[in-house]
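Q: This is the structure I have questions about; it appears just below.
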Amino acid sequence: MVISEMFTQLGSVAVGIMFLWAMFQQYFPYQLRPHIQKYSQKFVSFVYPYIQITVHEYSADRWKRSEAYVAIEDYLSSNSSYWAKRLKADIIKDSQSAALSMDVHEEVTDEFQGVKPWWASSKSSPKKQSFSFYPASDEKRHYCFTFHKRSVWSHVPFEHPATFETLAMKLKKKEEIVTDLTIFRTRKQYYSKIGKAWKRGYLLHGPPGTGKSSMIAAMTMSEMIGVSLSLTRGLESKPWECSYVIGRVIPAENIVATFQGSQITVFAISRTPSQAQVFLEALEQGLGGIVLKVEDSTAVLELKDYFDRRNEDNILSLTKATITQVHISGMGDRVSVDLCSLMRPGEGLLVGSFARGLFLVHSECLESNYIASRPFRVNAGPVHAYVAIPRGKTCYLSELNTGKEVIAVDQNGKQRTAIVGLVKIETRPLILVEAKEAENGTLYSALLQNAETVALICPSQGSGFPKKAIPLTSLKVGDEILLKIQGGARHTGIEIKEFIVEK
């Protein structure tokens, strides 16, 4: 075969390959291309006898140079001056000398224990032009370290003197951890049965020198469990306290019940404020803390609002008032509020025609000759009336709906948050109740349904069998009831300082 024929055939092959590549790019389904790339790389790796490790100059956030890249650059600055053909010079700050290093697309050979790997310096530029305040960062530089497969590093057993026998910590706490690890090691089939990953996490917290690394080494040397590390900052606990980190939505009640009474703090990783609330309220005790993983600051503020509601003063100041008038008024649209929790005798909602004075209306938890008790219900009042909600706010009864929170208050002023499950508005006969505060003689009023099951809570009368409430059908002038006195001016339910007249 003459040379001209050989070049002709090579040209034909090259044109054919280019044609096939163009057809592949134009018509081959995009969804199948990753599979082709995957298997082509496997084929290349099968015949290619070298291993490559790439170290990029910048990590994903592109704000800080990779420490590994800087270390390689310093290491190669000495070798490159001997072996590289093309070098670049950088002036050192506050010095008249220059530092030499490998230029781009240059290679140098290294040697380590008879193995000869080589280093290559490369860079890539973006295909599309983009505006940037740091134009130099658009060029992505990296080092490529290449060596033969037969030179691959072998496994080195981990050896450390620390064991649970030599670990200095409280004996009881050490026994708890060892027992927990032992139980976890034998529960692999159980985790597989319930479809959970066979993993367990420990959060080790404390300043340097308190034994965190020794604890990890002791776990590894005990051969009870494989250890992987994840560093976390900002979670405070007692210096000797061991804390579990829960990263999945698992039954929070089971976790609280398991660790109740122990010295172990349980943290739950939550991705929404509502999920965090579930963990914090499990079995009325809640977990020890929350790790909130969100990108939007609104979620953090929402969780802060939840904590503010939990931490507000638990006792309200209630005022005695004397009934001055009970008057039948006619028909109106009455709101009945069903809560998602049971109410106890002497407990109800704060309701009133004016926000400045709210009457404590009893729930339907008391037995009656006319109807079965419904301890979740408060027959509250007409649609225009105010009702107390968390954070010292009020809203109209007609604004309540499923899921909204209200304040349930008992005879002694103890308050708690309750969730509305159902609101019913029906036309019913109404009765006007007026009461006067003894201290300054101010009159307050409320319209309520005229029924035997509707009652107002009266002041506590000491020991024995104190009277909790007075039904409206038995209410008379001179009876004492309880009010919540507060500012009258409101804007969207929030108390404000302004002049206002309400009649």
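Q: Would you mind calculating the gained length between residue 182 and residue 165 on full extension (0.36 nm times residue separation, minus the Cα-Cα distance), in nm to one decimal?
A: 4.6 nm
Q: Taking amide H positions as placed in the peptide plane 1.01 Å from N, state which residues far from residue 118 in sequence (5 or more) or on other chains have amide H under 5 Å from it.
A: 110, 146
Q: Longer than 25 Å from Cα to Cα, which of 173/199; 393/424; 196/404; 304/468 are they? Say none if no pair is.
A: 196/404; 304/468
Q: Rg/Rh for segment 303-373: what does it come to with C-alpha atoms and Rh from Kirkwood?
A: My calculation of the ratio gives 1.01.
Q: Roughly speaking, to the nearest percent, how much of segment 429-478's 1.4 Å accessible area is carbon and sulfur?
A: Reported share for carbon and sulfur atoms: 51 percent.
Q: I'd like the Karplus ³J(HN,Hα) series for segment 164-179: coefficients 6.51, -1.76, 1.60, θ = phi - 60°, whole numbers in Hz, and an x wherever there's a Gly or Pro.
A: Values, residue by residue: 5, 5, 9, 6, 8, 6, 4, 4, 5, 5, 4, 5, 4, 5, 4, 4 Hz.
Q: At R0 = 30 Å, how high is the FRET efficiency between residue 298 and residue 341 if r is their beta carbon distance? Nearest 0.05 is fine.
A: Here the calculated transfer efficiency is 0.60.
Q: Once you keep just the Cα pairs under 8 angstrom separated by 6 or more residues, what percentage relative contact order results for segment 353-483?
A: Once divided by the residue count of segment 353-483, the mean separation gives 25 percent.
Q: In sequence order, what are the phi-derived ³J(HN,Hα) couplings for segment 430-446 according to the Karplus relation 6.51 cos²θ - 1.76 cosθ + 1.60 with θ = phi - 60°, rounded to whole Hz, with x for glycine and proline?
A: Per residue, the Karplus-derived 3J(HN,Hα) values read 10, 9, 8, 10, 10, 9, 10, 6, 5, 5, 10, x, 6, 8, 10, 9, 8 Hz.
Q: Taking the full set of protein chains and a 1.4 angstrom probe, give the accessible area of residue 144 in square angstrom, rounded to the nearest 10.
A: 20 Å²
Q: Quick one: which residues, 5+ away or cross-chain, put their amide H under 5 Å from the amide H of residue 430? H built at 1.01 Å from N.
A: 329, 330, 331, 332, 450
Q: On to the next question. Given a 1.4 Å probe, how much area per residue of segment 292-392 is accessible, in Å²?
A: Per residue, segment 292-392 has an accessible area of 49 Å².
Q: Here's something else I'd like to know. Find, among the chymotrypsin sites (Phe, Trp or Tyr not before Pro) in segment 358-444, those assigned to loop by DSSP (not H, G, I, E, B) with at most 15 other beta-carbon atoms within 10 angstrom.
A: Those that pass, being in a loop and sparsely packed, are 370.
Q: Still on this structure, I have one more. R0 = 30 Å: FRET efficiency of residue 40 with residue 111, Cβ-based, nearest 0.05?
A: Efficiency computed from Cβ-Cβ geometry: 0.35.
Q: While we're here: Only loop residues by DSSP count here, and only those with at most 14 other Cβ atoms within 10 Å; note down the GluC sites (Glu not before Pro) in segment 346-389 that meet that.
A: Here the sparse-neighbourhood loop sites are 367.
Q: Ranked from the most accessible area to the least, with a 1.4 Å probe and all protein chains present, what is the order of 343, 331, 6?
A: Result of the area sort, largest leading: 331, 6, 343.
Q: Around residue 467, which amide H atoms from residues at least 5 apart in sequence, or from another chain, sit under 5 Å from its own amide H, with H modelled in the peptide plane?
A: Counting only residues 5 or more places away or on other chains, the set is 461.
Q: Also, quick follow-up: On average over all directions, what projected area in square nanometres does segment 342-402 have, based on the convex hull of its Cα atoms?
A: Across all orientations, segment 342-402 yields a mean hull projection of 4.8 nm².
Q: Treat each spin label as a single point 7 Å out from the Cα along the C-beta direction, and report the residue 398 to residue 190 distance in nm.
A: Taking the two extended label points, one gets 5.7 nm.
Q: Something else about it: Once phi is turned into ³J(HN,Hα) by the Karplus curve 6.51 cos²θ - 1.76 cosθ + 1.60 with θ = phi - 60°, what whole-Hz value does each residue of segment 317-333 show in order, with x for glycine and proline?
A: 8, 9, 10, 6, 9, 10, 5, 10, 7, 10, 9, 6, 10, x, 9, x, 8
Q: Now for a separate question. Provide the FRET efficiency to the nearest 0.05 for the residue 198-residue 14 pair, computing r from the beta carbons and using R0 = 56 Å.
A: E(calc), rounded to 0.05, equals 0.55.
Q: OK, next. What does the extension gain come out to for residue 477 and residue 48, with contour length at 0.36 nm per residue minus their alpha carbon separation?
A: In short, 144.4 nm is gained.
Q: Could you grab the relative contact order for segment 281-413? Cα pairs under 8 Å, six or more apart, rounded to a whole percent.
A: 23 percent
The values are calculated or read from the model by the stated rules, or taken from the named source; none is laboratory data. Keep in mind that this is a model prediction, so the values were computed, not measured. Positions of Cβ are backbone-derived with ideal geometry, glycine not excepted, and every protein chain shown enters the neighbour counts. With ligands, DNA and RNA removed, areas are computed over all heavy atoms of the protein, side chains included. Shrake-Rupley method; radii C 1.70, N 1.55, O 1.52, S 1.80 Å.
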